[in-house]
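**Q** Below is a structure I'd like to ask you about.
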Amino acid sequence: MSEIKKIDINSLYAIVLRETENETTQEIDPDLYSSISNFIGKLKSEEYDNIEAKIKDELVAMTTKLTTLLLNIRLQKVKNCGSLDFSNLLDEEKFVLDGEEETRERTEMILSATLNGKSKLLESISHRHKTKSTVVRFIKEMDQIVGADLEKYGPFKTEDIATIPYENAQALIAKKIAQKIRLEE
């Protein structure tokens, strides 16, 4: 693993400025987001009093705004060019665009099935989506439920973690009974 280069607010500003001054995505350090994460993490872990604490908080806020701006600009450039040119994108940016490509493909699949009279395909997609597994952490106790897949789940205590059907998870999340847990791949 390569050593992550250190970054500061001035170098981040320069990267954002260079990105805004050019129409195409610029080549940048592949470890940029990790460097920024380390920089912010280090700042947040440091304890200061009075004016130094305010300066630290403002530095974190400025870094956050610049990073958000940089990511949004770079992603928007790729979306605006019509074709997905991944040549200068960082892996984290490709991850975001991969999700958007999946959304486009799913949209086309639903439209195609609908417009071509493939109602069985639509029923299959709907059923798979309702019953796909979702991992949640319970923040309130919950009695046993019957899932969208007609299986029984629970009862659950506070802080229990369970894999339940998507439709049930969404209902519990909306009622603030559970929170979705995103497992790292």
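**Q** Of the numbered conditions (1) within 21 Å of the chain's Cα centre (by Cα); (2) surrounded by 11 or more Cβ atoms within 10 Å (Cβ to Cβ), residue 102 satisfies every one except a single condition; which is it?
**A** Failed condition: (2).
**Q** Go through region 155-173 and count every residue that is hydrophobic (A, V, I, L, M, F, W, C) and part of a helix (DSSP H, G or I).
**A** The total comes to 4.
**Q** I'd like to know if region 123-139 contains one or more residues that are loosely packed, with under 14 Cβ neighbours inside 10 Å and in contact with a strand residue (DSSP E or B) (Cβ under 6 Å, 6 or more places away or on another chain).
**A** yes
**Q** Take region 106-116 and flag every residue that is exposed (fewer than 10 other Cβ atoms within 10 Å of the Cβ) and either in a helix (DSSP H, G or I) or of a type in the set (A, V, I, L, M, F, W, C) (or both).
**A** Scanning region 106-116 gives a single hit, 115.
**Q** Take region 155-168 and flag every residue that is of a type in the set (Val, Ile, Thr) and within 26 Å of residue 109 (Cα to Cα).
**A** 164
**Q** Condition check: at pLDDT 90 or above and in a loop (DSSP other than H, G, I, E, B). Does residue 26 satisfy that?
**A** For residue 26, the condition - at pLDDT 90 or above and in a loop (DSSP other than H, G, I, E, B) - is met.
**Q** Additional query: Restricting to region 41-57, what's the tally of residues that are closer than 18 Å to residue 11 by Cα and either modelled with pLDDT of 95 or more or polar (S, T, N, Q) (or both)?
**A** 0
**Q** If you go through region 117-154 one residue at a time, how many are closer than 17 Å to residue 106 by Cβ and in a loop (DSSP other than H, G, I, E, B)?
**A** Result for region 117-154: 2.
The values are calculated or read from the model by the stated rules, or taken from the named source; none is laboratory data. Everything quoted here is computed from the prediction, not taken from an experiment. Every residue, glycine among them, receives a Cβ derived from its backbone with ideal geometry; neighbour counts consider all protein chains shown.
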